[in-house]
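Everything below concerns the one structure shown next.
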Ligand SMILES: [Zn+2]
Ligand SMILES: [Zn+2]
């Protein structure tokens with residue numbers, strides 16, 4: 001009976017489906033494709049693939065099912081199967097260059113370089129301007145020994161998309177292939193100028209510098225790489241090799257004795273607002289970080305005061321070279337210009353300026369291992385500097401500064417001063433909201449002894465030196481203005497670029513559910529277009545779609561669309577430092593927001609697996625240099641044995657994608673002539689400035 005049922009049941013089900021006619025059949029297929037899409041976005045990609053396969057089985061002309069199936073195959077690193085799906089799709093739609101280009105990539109990832117080349121060439125025959133096909137053709141030519149031809153293709157690509165760093169990266173590889181180190185070096189420099197996060201190019205650049213005998217530059221690049229991945233043995237060996245060849249002053253940059261002090265504050269003392277405690281030179285997660293020592297000076301008189309006792313230990317004037325040093329046993333010291341020690345201090349010491357508008361200048365900052373923390377040289381701060389002993393024998397510092405003066409240093413750190421004033425004003429308002437919210441409500445650094453850190457974790461704050469006319473004007477013209485939703489301060493999150501669509505706070509773990517933090521397309525005619533299918537997501541992330549934040553040639557780097565080529569070994573090393581999963585096998589997005597942001601990811605290794613569910617950790621674990629955003633597509637290039645060689649990560653935007661998109665704000669002001677209130681209303685619907 002059971003056996004009979006098995007035979008009858010499919011026929012019976014088929015019979016049930018037929019009376020509905022073709023229209024209902026299509027509706028059924030659509031529902032199943034919708035379900036497959038939902039599964040794909042929830043990371044159940046094998047299941048989604050099954051549904052797509054069923055769809056093409058029941059309707060061999062279902063083009064979109066083939067395309068989505070191919071996208072799912074690529075997400076699972078089943079490149080050969082993806083190629084099969086795309087071959088069928090291409091047979092159904094032979095005039096579609098996107099399908100041919102993606103077919104080329106599936107072949108390429110699968111190691112079938114000649115077939116890849118042919119597919120890319122066919123795509124370019126149909127449309128010469130397909131950037132993805134050009135890039136693919138160059139990559140395939142490189143593998144086939146055609147480095148010169150690859151360079152010709154890349155040259156044209158760079159003309160069409162001048163901010164596309166990946167074209168320079170491949171050009172560098174092509175030059176290296178041809179044994180031309182100088183041009184290779186130039187290409188890698190150009191790549192990093194367009195996208196400094198492209199750390200894979202930095203490794204090659206360091207090597208090229210070393211080959212050309214430029215030990216100084218090689219040293220600098222290797223040092224940066226060492227900061228990113230202290231466990232990289234190749235970097236350690238390179239630094240040891242170069243040590244002799246590099247003069248002392250490069251290893252520890254000289255002091256900046258002749259620095260001039262910046263101009264005074266445009267705000268009167270009574271307009272500067274409440275005081276804020278800003279942790280200086282903090283770690284990427286906003287924690288205090290320690291220096292071995294640093295020097296300081298001021299452009300006026302100052303006093304060295306004990307916080308505990310209120311005692312004035314010394315007074316100083318312009319032109320002295322004072323020094324703060326860490327000591328053992330949780331204490332620190334301040335040395336006068338003549339070398340006289342004022343400490344040791346167990347409790348924090350204040351360097352208090354006397355006149356309004358006065359600044360403190362930092363020079364010669366050194367890490368605990370004695371290497372220079374070069375980027376701090378020349379930093380200037382208004383207000384008071386609070387120096388305290390770190391836990392590991394170093395010193396750390398807090399800048400106590402009125403909130404509006406703090407904002408003067410945040411604005412140019414967070415947005416280019418050349419951007420439209422209305423965008424800068426919108427930025428000033430939300431940065432002010434952030435500062436006060438963090439101080440009074442969120443208190444993320446309560447344990448660390450400050451209200452905000454000076455890095456991306458809170459808001460980047462680089463002090464006085466980078467202030468400019470425009471950014472000052474934006475702060476002054478919005479002085480004391482905040483953004484409210486009903487009667488509450490708006491949690492005014494912002495990011496550099498959303499890549500074309502923001503995400504809702506509720507889609508990301510730990511961000512809460514706020515009515516004004518709703519994901520939406522950043523520009524475009526339709527406010528809530530239908531959700532993208534896996535195939536559409538791939539084309540969107542690999543393409544150059546219109547959006548407020550797509551500033552085209554006006555954008556300084558490839559922030560809107562980027563690509564990283566991460567060697568499997570790099571990813572393996574990074575993941576294993578924390579998770580011990582063994583040899584890397586696969587990286588699969590598990591949870592995507594509506595727009596496509598990857599909010600949970602699975603790393604599969606030979607010895608285990610790990611799930612990372614915090615977007616900022618996903619970004620930091622997947623690359624040598626943190627990925628710009630978690631809005632990305634990951635494709636796996638494998639060797640003949642089926643092991644991953646490289647991960648090609650196609651991304652959109654920079655930052656977490658929640659709240660205001662800074663590039664989008666600039667785009668709204670530039671392209672649509674919107675004012676700061678319009679901009680804020682767009683990104684925080686229902687809010688108002690008061
Ligand atoms: Zn912070
Ligand atoms: Zn945007």
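Derivation of every value follows stated rules applied to the coordinates shown; laboratory data play no part. Predicted, not measured: the structure shown is a model, and the values here were computed from it. Cβ coordinates were reconstructed from backbone atoms using ideal geometry, including for glycine residues, and neighbour counts include every protein chain displayed.
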For 31, 502, which order do you get if you count the other beta carbons within 10 Å of each Cβ and list the fewest first?
31, 502
Can you put 387, 581, 634, 430 in order of Cβ neighbours within 10 angstrom, beginning with the fewest?
581, 634, 387, 430
Using every Cα-Cα pair within the range 138-212, state what percent have a distance larger than 19 Å.
27 percent
Both in Å, the radius of gyration and Dmax of the C-alpha trace of the range 561-652 are 12.1, 35
A correct Kirkwood calculation over the Cα atoms of the range 68-201 returns a hydrodynamic radius in Å of 15.1 Å
Over the alpha carbons of the range 599-690, what is the largest minus smallest coordinate on each principal axis, giving the biggest first in Å?
60, 24, 19
Quick one: pull the percentage of alpha-carbon pairs in the range 420-543 with a separation above 18 Å.
65 percent
Using a 10 Å cut-off on Cβ atoms, rank the peptides 607-615, 541-549 from the highest mean neighbour count down.
541-549, 607-615
Convex hull of Cα atoms in the chain, direction-averaged projection (nm²)
35.3 nm²
How would you rank 149-161, 221-233, highest first, on the average number of other Cβ atoms within 10 Å across their residues?
149-161, 221-233
Exposure-ranked with fewest Cβ neighbours within 10 Å first, 629, 663 stand as 629, 663
Return one number: the angle in degrees, 0 to 90 and rounded to the nearest 10, between the long axis of the Cα atoms of helix 215-228 and the longest principal axis of the Cα atoms of the chain.
70 degrees
If I fit a long axis through the Cα atoms of helix 421-437 and take the longest principal axis of the Cα atoms of the chain, what angle between them do I get, 0 to 90°, rounded to 10?
70 degrees
Binned at 5 Å from zero, the C-alpha pair distances of the range 377-424 give percents of 5, 16, 19, 20, 15, 13, 6, 4, 2, 0
Tell me, what does the Kirkwood hydrodynamic radius of the range 286-381 come to in angstroms if you use every pair of distinct C-alpha atoms?
13.8 Å
Normalised Cα Rg of the range 270-485, dividing by 2.2 N^0.38 Å with N its residue count, works out at 1.00
Highest mean packing first, using Cβ neighbours within 10 angstrom, the peptides 397-410, 464-477, 331-344 sort as 397-410, 464-477, 331-344
Would you mind checking the tilt of helix 2-17 against the longest principal axis of the Cα atoms of the chain, expressed as 0 to 90 degrees and rounded to 10?
80 degrees
For the range 595-665 and the range 155-204, what is the centre-to-centre distance using only Cα atoms, to the nearest Å?
22 Å
